[in-house]
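Read-outs throughout are calculated quantities, based only on the coordinates presented, and are distinct from any laboratory measurement. These numbers come from a predicted model, not from an experiment. Neighbour counts run over all protein chains shown; Cβ positions are idealised from the backbone, glycine included.
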Amino acid sequence: HPAREPQSGPNTISVIAHRGASEDAPEHTLAAYRKAIEDGADALECDVRLTADGHLVCVHDWRVNRVSNGKGAVSALELSDLAALDFGSWKDTRGAKGSGESPEWDPGERALLGDRTAPLEDRTSVLTLERLLELVADAGRRVELAIETKHPTRWAGQVEERLLELLHRFGLATPPRGESSAVRVMSFSARSLHRVNFGAPDIPTVYLMQFLSPRYRDGRLPTGTWIAGPSIRILRNHPEYVARAQRAGHQVHVWTVDSATDVELCERLGVDAVITNRPRQVLSQLGRN
Ligand code: G3P
Ligand code: CA
């Protein structure tokens, strides 16, 4: 499959903020995304799930337990239930949990308890995908999106349907003539990406891989997927994978790249994008701020 995305310029690695600037602010909150935009991130990553009443919300886990003061499955709760919960205060007590400890960074630099300067509501409210799209539309510069569908098989197409409806509404389903798409859809599920490709053939799809299956070792990807999304672990164990995927015509977007050593590895291997919890530090290591 030839790459349908224009390749980025030489040595330009796109920096994608994983769940926002999630080391500095609670993941998936407006505060985390505002901070990522302020830090100069090229793109924002978010996970999306459907609520019981059909809204797409930015929540990683299937349950709200880890990141809120509530309990239960996102799919069993309505948006109004989620709106009543606090999605931010966990960060004040649990610090950078889940954002990938990286001992090579100066501990003094690490905001262990997060940046508390953002308005409380931006730090603690559940974020809908719609609100995130509004934020990006108002950013005042091009900010791309990397949206990940979570557990899409369970919903038999409803996640993708709702997602495409929103992207159409925001004019993001078809890029303007001559421009590359400002949005990408990612998934560990090739089936989910197929659905997206079928409904919106101009949106690049990223096939996420935690481990490198022998099927894809040669750099090929499942039909209908455009970009390779290997974990950093794959690159550590199979550094040759990057060149293989690129030779097969695919960009390579790597997650989750937080340590200085991993950034160096990605630079050396010539990846196209890194997904990180700490966009400010990564941009600085890449000489971009
Ligand atoms: O960007 C891809 C990465 O986010 C996949 O893993 O568990 O953080 O969604 P996870
Ligand atoms: Ca994700």
Exercise. Between Glu130 and Arg217, what length comes free when the chain is fully extended (0.36 nm per residue of separation minus the Cα-Cα distance, one decimal in nm)?
Worked result: 27.6 nm
Exercise. Arranged by the count of other C-beta atoms within 10 angstrom, fewest first, what order do Met209, Met186 take?
Worked result: Met209, Met186
Problem set entry | Alpha-carbon spread of the chain, three principal axes, descending order, Å | 49, 45, 37
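Rounded to the nearest 500, what is the chain's calculated 222 nm mean residue ellipticity when only DSSP H runs of at least 4 contribute -39500 (n - 2.57) each, over all residues?
-8000 deg cm²/dmol
Which of the helices in the chain meet the span-like rule: DSSP H, Cα axial reach of 15 Å or more, Kyte-Doolittle mean at least -1.0?
Working: long enough: 158-169 (16 Å, -0.57).
The answer, listed by residue number, is 158-169.
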Problem set entry | Burial ordering of Lys71, Lys150, Lys35, fewest other beta-carbon atoms within 10 Å first | Lys71, Lys150, Lys35
Problem set entry | Approximate spin-label separation Glu267-Ala76, in nm, with each point projected 7 Å along Cα-to-Cβ | 4.8
For this session: Out of all DSSP beta bridges with both ends in the chain, state the antiparallel percent to the nearest 5.
Result: 15
